[in-house]
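The values are calculated or read from the model by the stated rules, or taken from the named source; none is laboratory data. Predicted model, so just to flag it, every value in this text is computed and none were measured. Cβ coordinates were reconstructed from backbone atoms using ideal geometry, including for glycine residues, and neighbour counts include every protein chain displayed.
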Amino acid sequence: MVNPLDDPQGRLVVVVNDDGQHALWPEFSAVPAGWAAVHGPTDRSSCIDYVNAHWTDMRPLSLVAHMAASQ
């Protein structure tokens, strides 16, 4: 059995949580609580391109806000 996240024929969505963290998620599976679908369903390559374009700062948003408030 192929991991659905590695399946070249699989359909995926990009999900994002409240901290701005992105993840790939299989189309056939319900999006977990605390995450929202923001791209797809589409092929893996398109999802990775979306993540690379939109998640440019790997720090959680809560950390970014904390660091800004500390300055």
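Considering 32, 41, 8, the condition of being assigned to a loop (DSSP other than H, G, I, E, B) and modelled with pLDDT of 95 or more is satisfied by 32 alone. Do we have residue 12 as surrounded by 11 or more Cβ atoms within 10 Å (Cβ to Cβ), touching a residue at least 24 places away in the same chain (Cβ under 8 Å), in contact with a Ser or Thr (Cβ under 8 Å, 6 or more places away or on another chain) and not basic (Lys, Arg) here? When the stated conditions are applied, residue 12 passes them. Here residue 40 does not fit the description of being free of Cβ contacts under 8 Å to residues at least 40 places away in the same chain, loosely packed, with under 13 Cβ neighbours inside 10 Å, at positive phi and not basic (Lys, Arg). Looking only at region 51-60, residues that are aliphatic (A, V, I, L, M) and surrounded by 11 or more Cβ atoms within 10 Å (Cβ to Cβ) come to 1 in all. Taking residue 23 as the residue in question, decide whether it is part of a strand (DSSP E or B) and surrounded by 14 or more Cβ atoms within 10 Å (Cβ to Cβ). Yes, satisfied.
Quick grid of which residues meet (1) surrounded by 14 or more Cβ atoms within 10 Å (Cβ to Cβ); (2) more than 25 Å from residue 2 (Cα to Cα); (3) among the polar types (S, T, N, Q); (4) without any contact (Cβ under 8 Å) to a residue 40 or more places away in the chain:
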| site | (1), (2), (3), (4) |
| --- | --- |
| 44 | yes, no, no, yes |
| 49 | yes, no, no, yes |
| 62 | no, yes, yes, no |
| 68 | no, yes, no, yes |
